[in-house]
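Read the structure below first, then the notes.
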Amino acid sequence: MSRRPRTVLLSFSAFLAASGMMLSACSEKQSGPVVVSVIGTPRQLADPMRDILSPAGKLMLESTAQGLVAFDARGDILPALAQRWIVQDDGRSYIFRLRRARWANGARIKAVDVAALLKNRIAANLALDSHGDLAAIQEVSSMTGEVLEIRLSVPRPYLLQMLAQPQMAITRRDGGTGPYRKEKRGEAWFLRPIVDDNADDEEPIAPWENRVLRAERGSMAIARFKQGLSSLVLGGRYSDIPLLKRADIDNRDVHVDPVQGLFGFAVVGRSDFLNDDRVRAALNMAIDRTPLPDAFALSGWVITDRLMTQQLDLPAAPAAPSWSAMPMDDRRSTARAAIAIWRNDNGAIPRLRIAMPKGSGSRLLYSLIAADLSRIGVPSQQVERDADADLRLIDEVAAYDSASWYLGRVSCARKVHCDPAAQERLIEAEMAPTLEVSQARLAEAYDLMTAHNGYIPLSMPVRWSLATRALNGFAPSSRARHPLNQLFRATN
């Protein structure tokens, strides 16, 4: 093995390139169950539906209650409860054939039961869905004992990505559809693979196929891995990156996911100060994104001043804000002048409350943001993540590849400061009869939201994991999803 570098500088490209060399150069083997730590709380593992978007909740659901389809280790769609599917009627009909599987009580899983459970999950998620993509689902019905159909009012090319989300898990009170059954053992959960009906029942489950899963603080998870007491740490975010530096974790064991999504501040306050269009624009242009990678020692961290960095289903590449090409000094001068005008007209500048999660990474990030705001005459203070705030950090990986996800997440429906006209365009896009009309309305909504400055983008989200080289199936994921049944190649 090559000697570990003296400095800890994590690189997306380096990790991706190094993973193949590590697998060929090392001969480590996994003998017993794989011990996994996910950054979170024990409650999130015990009752994942209560905090379904947490790393721990997602991991438990995708391990014990998969949906019709799932994401593989690299973020691509693969069969789960459905073994295959076809798309008909110009994308308005999806027909799924279920694999032969059983519930925890031994009863065979039937299409009529899956259809009923799926309709319940859709209804539950519609109550929280700010952008209404699930509303395009008109009907879920069983066609035979093993076949069900999902009919849409309008095509949704990303429907499979939506169905692969953990909140679409097919589960009952007595358990889900696998790929594991769970059993509480002390402070951890023991996960045992479910034997498929088509598998050879006489072949025993090898010890390395089992998993021992626990949720804990980032510091404890990193320490456990450092001491060789676990093989995998999942759920890492920006907030714990400074802990990696202090723990002196080998760069070769750290894997950063090349994810897309939102990492920035939503304007959620409704003060006279934030209701001023010039003030919101000033806050956005005053923040310097360029120090982030060096401050966190994370080379390759993609910074951005745009709501979206990819075209996806927009008719053209998303445009940058009008001030994007200005030198930083000019941006600050312009922003400082706008704040000064507001002060002269209205009096003292209110202190902005900036809501962020706990953690050393949040303290570091806040120090950078606070310094930028101070330079234009805006005082600030950091507050708890769920406290009343003026700016609230959004740190989410895109659930599916559509502009509607990005726009919906920072829309009026999510109580973000936004232009009502943008919300109208977003609703029109959801109900559009053709993809062309939908794309045109999404583009209009994007331009309106960008001009309104209700969201202050900083960068792409950061998602990292720790994995030993014995886990030769582990791979960086564009979805930040790491299925526990895909940690090894075909054989261990």
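The values are calculated or read from the model by the stated rules, or taken from the named source; none is laboratory data. Owing to the predicted nature of the structure, the values given are computational and were not obtained by experimental measurement. Note that we place each Cβ from the backbone using ideal geometry, even for glycine, and neighbour counts take in every protein chain shown. These accessible areas exclude ligands, DNA and RNA; they are computed on the full protein's heavy atoms, side chains included. Shrake-Rupley method; radii C 1.70, N 1.55, O 1.52, S 1.80 Å.
Annotations
- Of all residues in region 272-293, those that are under 22 Å from CYS412 (Cα atoms) have Cβ atoms under 8 Å from Cβ atoms of residues that are assigned to a loop (DSSP other than H, G, I, E, B) and acidic (Asp, Glu), 6 or more apart or on another chain, in LEU274/ASP390; ASN284/ASP305.
- When ASP272, ASP250, ASP240 are checked against the criterion of being open to solvent by 20 Å² or more (accessible area, probe 1.4 Å) and in contact with a strand residue (DSSP E or B) (Cβ under 7 Å, 6 or more places away or on another chain), a single residue qualifies: ASP240.
- Inside region 166-187, residues that are farther than 12 Å from ALA65 by Cβ and within 24 Å of the chain's Cα centre (by Cα) make up a count of 0.
- Residues of region 355-380 classified as of a type in the set (S, T, N, Q) and either out of contact with any helix residue (DSSP H, G or I) (no Cβ under 8 Å at 6 or more places or on another chain) or farther than 19 Å from ALA266 by Cβ (or both), total: 3
- Residue match in region 479-492 (condition: outside any loop (DSSP other than H, G, I, E, B) and under 30 Å from ILE427 (Cβ atoms)): no
- Residue match in region 378-399 (condition: of a type outside the set (A, V, I, L, M), in a helix (DSSP H, G or I) and in contact with a Leu (Cβ under 9 Å, 6 or more places away or on another chain)): no
- The listed residue being open to solvent by 50 Å² or more (accessible area, probe 1.4 Å), farther than 30 Å from TYR406 by Cα and of a type in the set (A, V, I, L, M, F, W, C), out of ILE194, ILE205: ILE194
- When residues in region 306-346 are screened for being among the small types (Gly, Ala, Ser), in contact with a helix residue (DSSP H, G or I) (Cβ under 9 Å, 6 or more places away or on another chain) and open to solvent by 60 Å² or more (accessible area, probe 1.4 Å), 1 of them pass.
- Cβ separations smaller than 8 Å between residues 6+ apart or across chains give the following pairs from region 43-59 residues that are surrounded by 15 or more Cβ atoms within 10 Å (Cβ to Cβ) to residues that are at pLDDT 95 or above and of a type in the set (Phe, Trp, Tyr): LEU45/TRP189.
- When ALA470, ALA429 are checked against the criterion of being under 30 Å from GLU62 (Cβ atoms), in contact with a Lys or Arg (Cβ under 8 Å, 6 or more places away or on another chain) and without any contact (Cβ under 8 Å) to a residue 40 or more places away in the chain, ALA429 stands alone in meeting it.
- Residue check, ALA107 open to solvent by 20 Å² or more (accessible area, probe 1.4 Å) and either touching a Ser or Thr at 6+ places or on another chain (Cβ under 9 Å) or over 29 Å from PHE190 (Cα atoms) (or both): no
- When region 54-82 is limited to residues that are assigned to a loop (DSSP other than H, G, I, E, B) and polar (S, T, N, Q), the one that is nearest to the chain's Cα centre (by Cα) turns out to be SER54.
- Pairs linking a residue in region 97-114 that is in a loop (DSSP other than H, G, I, E, B) and of a type in the set (Val, Ile, Thr) to a residue that is modelled with pLDDT of 90 or more and open to solvent by less than 60 Å² (accessible area, probe 1.4 Å), with Cβ atoms under 7 Å and 6 or more positions apart or on different chains, are ILE109/LEU98; ILE109/ALA101; ILE109/TRP103.
- Helices (runs of 4 or more DSSP H) lying entirely in region 239-353 (those with 3 or more residues that are at pLDDT 95 or above and of a type in the set (Lys, Arg)): 328-346
- Scanning region 117-147 for residues that are open to solvent by less than 30 Å² (accessible area, probe 1.4 Å), in contact with a Lys or Arg (Cβ under 9 Å, 6 or more places away or on another chain) and at pLDDT 90 or above turns up ILE137, VAL140, VAL147.
- Tally, over region 148-189, of residues that are open to solvent by 40 Å² or more (accessible area, probe 1.4 Å), small (Gly, Ala, Ser) and either in contact with a strand residue (DSSP E or B) (Cβ under 8 Å, 6 or more places away or on another chain) or assigned to a strand (DSSP E or B) (or both): 1
- The condition of being open to solvent by less than 10 Å² (accessible area, probe 1.4 Å), at pLDDT 95 or above and either among the hydroxyl-bearing types (Ser, Thr, Tyr) or within 24 Å of ALA317 (Cβ to Cβ) (or both) holds for only one of LEU442, LEU484, that being LEU442.
- For region 75-93, a residue qualifies if it is open to solvent by 10 Å² or more (accessible area, probe 1.4 Å) and touching an Asp or Glu at 6+ places or on another chain (Cβ under 7 Å), and exactly one does: LEU78.
- Tally, over region 402-437, of residues that are open to solvent by 20 Å² or more (accessible area, probe 1.4 Å) and assigned to a helix (DSSP H, G or I): 16
- Filtering region 373-394 to residues that are more than 27 Å from the chain's Cα centre (by Cα) and either open to solvent by 30 Å² or more (accessible area, probe 1.4 Å) or in contact (Cβ under 8 Å) with a residue 40 or more places away in the chain (or both) leaves LEU373, SER374, ARG375, ILE376, GLY377, VAL378, PRO379.
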